[in-house]
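Let me begin by presenting the structure, written as structure tokens, before commenting on it.
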Amino acid sequence: MAVTFDDVRHIAALARLDVSEERLPTLVGELNAILAHMEELQRVDVSGVPADLAAGMTPMPLRADDGRQYPLARPRETFAPAMGDGFFLVPRLATHEDVDE
Amino acid sequence: MNANFERAAGLNIILAEDRDARPSVDEGPLYDVPVAIKDNIATLRMPTSCGSRILEGYVSPYEATVVSRLRAAGAVIACKTNMDEFAMGSSTEHSAFGPALNPVDRTRVPGGSSGGSAAAVAAGVVPIAFGSETGGSVRQPAAFCGVVGVKPTYGRVSRFGLVAFASSLDQVGVFGKTVDDAALALRIIAGRDPMDATSADVPVPDYRAAATRPVSTLTIGRPIEYFPDALDPAIRERCDEVLDRLREQGATIRDVSLPHSGLAIPVYYIIAPAEASSNLARFDGVRYGLRITGEGLTAMYEATRSKGFGTEVTRRILLGTYVLSAGYYDAYYRKAQQVRALITEDFRRVFASGVDVLFTPTTPTPAFKLGAVSDPYEMYLNDIFTCTANLAGNAAISVPIGTVNGLPIGGQIIAPHFGEQTMFAAAYALERL
């Protein structure tokens with residue numbers, strides 16, 4: 001299964017990455033070279049093998065679903081790019097640029 | 001050697017500040033011992049940038065549990081160490097802040113992704129350092145730099161404050177000049193942490209007590225798949241000598257087979273990028289780190305991430321997004337998870353057959369020259385002997401076993417889940433040879 005230029009444009013959009021047209025040929029070539037090595041897996045018989053085996057071989061302990069707040073040593077204003085009235089500020093969605101405040 | 005972001009001239013100031021800031025004045029097992037911390041483990045008083053422009057200068061508002069435990073044990077957090085960006089790499093060449101160099105030969109890489117921590121211990125800057133493991137990022141640089149490197153069992157050490165790369169694989173690891181230093185350090189950071197739901201509630205023994213276990217009580221497996229025809233002949237020869245010496249000392253050496261190990265690289269490089277593509281979605285310029293503004297929200301996301309991430313991280317995010325995308329999930333991600341289950345079962349079966357630990361080379365070659373490996377997949381092959389322990393969740397350690405053409409090489413001991421005590425017993429024996 002080889003990726004095309006359009007595939008890479010599509011997955012770059014999904015991943016919120018701005019990939020330039022100049023860089024596309026290199027990325028397509030590299031991804032296809034890597035994926036070619038993955039083809040080896042298609043020859044492995046995995047019939048009856050579960051796909052949800054966790055790496056941790058001991059059962060994960062469950063904690064209370066209490067939505068705890070972890071104390072921060074510094075307020076969010078010290079590390080957030082933009083904040084106002086306790087909220088993170090972001091640019092307006094392009095689809096809402098014409099909507100009044 | 002660019003191992004540490006903080007220049008040597010500033011090191012004393014940091015030491016003094018940190019000494020004053022320690023929560024306990026009691027003498028602990030690491031009292032006044034300077035330790036180095038990989039730059040993806042959160043510290044309150046130094047930046048945590050993950051070797052990335054997107055987090056350049058970011059100072060965490062909370063501290064990793066590992067760091068808290070070290071400080072409570074009396075350690076002094078001396079410096080943060082250079083790394084491949086977001087721990088994606090095997091050479092520490094993929095840092096936004098320049099490559100780290102191998103102190104044994106500065107024309108060569110120290111390995112990666114925890115190359116700065118390995119170099120710091122090898123150069124004598126600190127006796128103990130900490131890194132993170134996803135596919136071999138502690139053991140491989142330990143082997144390249146001639147120090148000891150431990151990858152604990154999945155769940156053995158809290159990951160609270162470790163910036164996530166691939167959450168089903170990540171684990172905090174330890175570097176030491178000696179096995180004894182590594183055993184001491186691991187005991188301090190290991191154990192259940194309520195802040196990390198994946199940390200296991202399993203008792204932490206005194207790993208240093210393993211030093212007294214006679215090697216004659218150990219059955220050591222030699223997995224034939226880890227000694228392929230293509231293995232560097234000098235590394236094979238040295239490994240054979242090591243096994244002969246252990247046999248002479250009374251250990252039982254047995255050839256075993258882990259038949260699916262040869263599939264580990266493709267499995268790893270599907271699962272790890274898939275998880276990374278999800279974990280790194282949080283770096284979008286909204287809550288912390290770099291923000292590049294654009295025309296609207298989506299443009300800001302794309303501009304921030306494209307300027308903030310380097311080439312290898314971008315490549316892996318794209319690969320991970322692809323293998324998780326509709327139409328390809330079953331062929332890649334689901335298949336990789338199933339083969340991962342087969343790899344895990346291989347280990348379980350061998351250990352259930354009476355083998356205490358496995359012995360393999362840590363890497364297929366010694367440290368390579370800076371810039372010598374440009375093909376991404378060729379770089380990925382550095383993890384060929386190490387990433388299986390991450391996929392299966394086992395404990396593993398790399399111990400120096402000599403040199404090839406003046407360059408250090410490592411021998412790897414792999415142990416069952418939470419079998420660190422047995423792992424250290426074999427490691428002490430290896431170190432004494």
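In deg cm²/dmol and to the nearest 500, what is the mean residue ellipticity at 222 nm of chain B if only DSSP H runs of at least 4 residues count, each as -39500 (n - 2.57), divided by the residue total? Present the calculation step by step, with values, prior to reporting the outcome.
Numbers: 13 runs with 148 residues, N = 433.
After summing the helix terms and dividing by the residues of chain B, the value is -10500 deg cm²/dmol.
Taking neighbour Cβ counts within 10 Å as the exposure measure, how do B:M423, B:M300 sort from fewest upward? Write down the numbers at each step before the final one.
On the way: B:M423 30, B:M300 21.
The fewest-first ordering by Cβ neighbours comes to B:M300, B:M423.
Would you please give the FRET efficiency between B:T298 and B:D32, computed as 1/(1 + (r/R0)^6) with r the Cβ-Cβ distance and R0 = 35 Å, to the nearest 0.05? Numbers along the way, then the final one.
Working: r = 51 Å, r/R0 = 1.46.
Given R0 = 35 Å and the Cβ-Cβ separation, E is 0.10.
Between the alpha-carbon centers of region B:252-280 and region B:34-94, tell me the distance in whole angstrom.
After rounding, the separation between the Cα centres reads 26 Å.
Which whole-number percentage describes the relative contact order of chain B, with Cα contacts under 8 Å and a sequence gap of 6 or more? Don't jump to the answer; show the numbers that get you there.
Numbers: 1066 pairs, mean separation 80.5, N = 433.
Dividing the mean separation by the residue count of chain B yields 19 percent.
What residues of region B:167-196 lie in the reach of a label at B:A211, counting those whose backbone N is under 20 Å from a point 7 Å from the Cα along Cα→Cβ?
B:174-190
Nearest-5 percent of antiparallel DSSP beta bridges in chain B? The partial results should precede the final answer.
Values: 30 of 45 bridges.
Around 65 percent of the beta bridges assigned by DSSP in chain B are antiparallel ones.
With r defined as the distance between the Cβ atoms of B:D240 and B:A326 and R0 fixed at 45 Å, what FRET efficiency is calculated, to the nearest 0.05?
In this case the efficiency is close to 0.35.
Among DSSP beta bridges lying fully in the protein assembly as shown, give the percent that are antiparallel, nearest 5.
If I count the DSSP bridges inside the protein assembly as shown, around 70 percent turn out antiparallel.
Remind me, relative contact order of region B:154-236 in percent, using alpha carbon pairs under 8 angstrom and six or more residues apart?
Numbers: 69 pairs, mean separation 24.0, N = 83.
Contact order relative to length: 29 percent.
Between region B:309-382 and region B:116-166, what is the separation of their alpha carbon centroids in Å?
Region B:309-382 and region B:116-166 have Cα centres spaced 18 Å from each other.
Output the pairs from B:K80/B:K307; B:K151/B:K307; B:K38/B:K335; B:K307/B:K335; B:K80/B:K335 with a Cα-Cα distance over 28 Å in this structure; if there are none, say none. Spell out each step's value before the answer.
Working: B:K80/B:K307 23 Å; B:K151/B:K307 32 Å; B:K38/B:K335 33 Å; B:K307/B:K335 33 Å; B:K80/B:K335 38 Å.
From B:K80/B:K307; B:K151/B:K307; B:K38/B:K335; B:K307/B:K335; B:K80/B:K335, over 28 Å: B:K151/B:K307; B:K38/B:K335; B:K307/B:K335; B:K80/B:K335.
Quickly rank B:89-101, B:367-379 as a protection proxy: mean count of other C-beta atoms within 10 Å, highest first. Intermediate results must be reported in sequence, preceding the final value.
Numbers: B:89-101: 24.2, B:367-379: 16.1.
Averaged packing, sorted descending, gives the order B:89-101, B:367-379.
Which listed residue (B:P47, B:A72, B:A100) has the Cα farthest towards the positive end of the charge dipole for region B:8-210, taking +1 on Lys and Arg C-beta and -1 on Asp and Glu C-beta about the Cα centre?
B:A100
How far is it, in nm, from the label point at B:E56 to the one at A:E22 when both lie 7 Å from their Cα along the line to the Cβ?
Output for this residue pair reads 1.9 nm.
Which whole-number percent is the relative contact order of region B:8-210 (Cα, under 8 Å, 6+ apart)?
Computed value for region B:8-210: 18 percent relative contact order.
As an exercise, use a Förster radius of 41 Å and the Cβ-Cβ distance of A:F5 and B:F227 to find the FRET efficiency, rounded to the nearest 0.05. Can you show the working numbers first?
Numbers: r = 42 Å, r/R0 = 1.03.
With a Förster radius of 41 Å, E is 0.45.
Which log10 I(q)/I(0) values, to two decimals, does region B:8-210 give at q = 0.09, 0.16 Å⁻¹ under the Debye formula with one point per Cα?
Debye output, listed in q order: -0.28, -0.97.
What residue among B:G411, B:L290, B:L381 has its Cα farthest toward the positive end of the dipole of region B:262-419, where the charges are +1 on Lys, Arg and -1 on Asp, Glu, each on the Cβ?
B:L290
Per q in 0.13, 0.18, 0.19, 0.21 1/Å, what log10 I(q)/I(0) does a Debye calculation on the alpha-carbon atoms of region B:150-266 return?
-0.77, -1.17, -1.20, -1.20
Working from the pairwise distances between different alpha carbons, so that the mean of 1/r is found and then inverted, what is chain B's Kirkwood radius in Å? List each step's numbers first, then the result.
Working: mean 1/r = 0.0467 Å⁻¹.
Evaluated on chain B, it is 21.4 Å.
Mind checking the dipole of the protein assembly as shown: about its Cα centre, +1 per Lys or Arg Cβ, -1 per Asp or Glu Cβ, Debye to the nearest 20? The partial results should precede the final answer.
Details: 49 positive and 63 negative charges, 221 e Å.
That gives a dipole near 1060 debye.
log₁₀ I(q)/I(0) of the protein assembly as shown at q = 0.10, 0.11, 0.13 Å⁻¹, via Debye over equal Cα point scatterers, no solvent, to two decimals?
Calculated log10 I(q)/I(0) at the listed q: -0.77, -0.94, -1.33.
Test of understanding: extend the Cα→C-beta vector of A:A64 to 7 Å, then name every residue of region B:41-84 with backbone N under 15 Å from that spot.
none
Since every read-out is calculated from the coordinates, none of them should be taken as a lab result. Since this is a predicted model, take the numbers as computed values, not measurements. We place every Cβ from the backbone using ideal geometry, glycine too, and count neighbours over all the protein chains shown.
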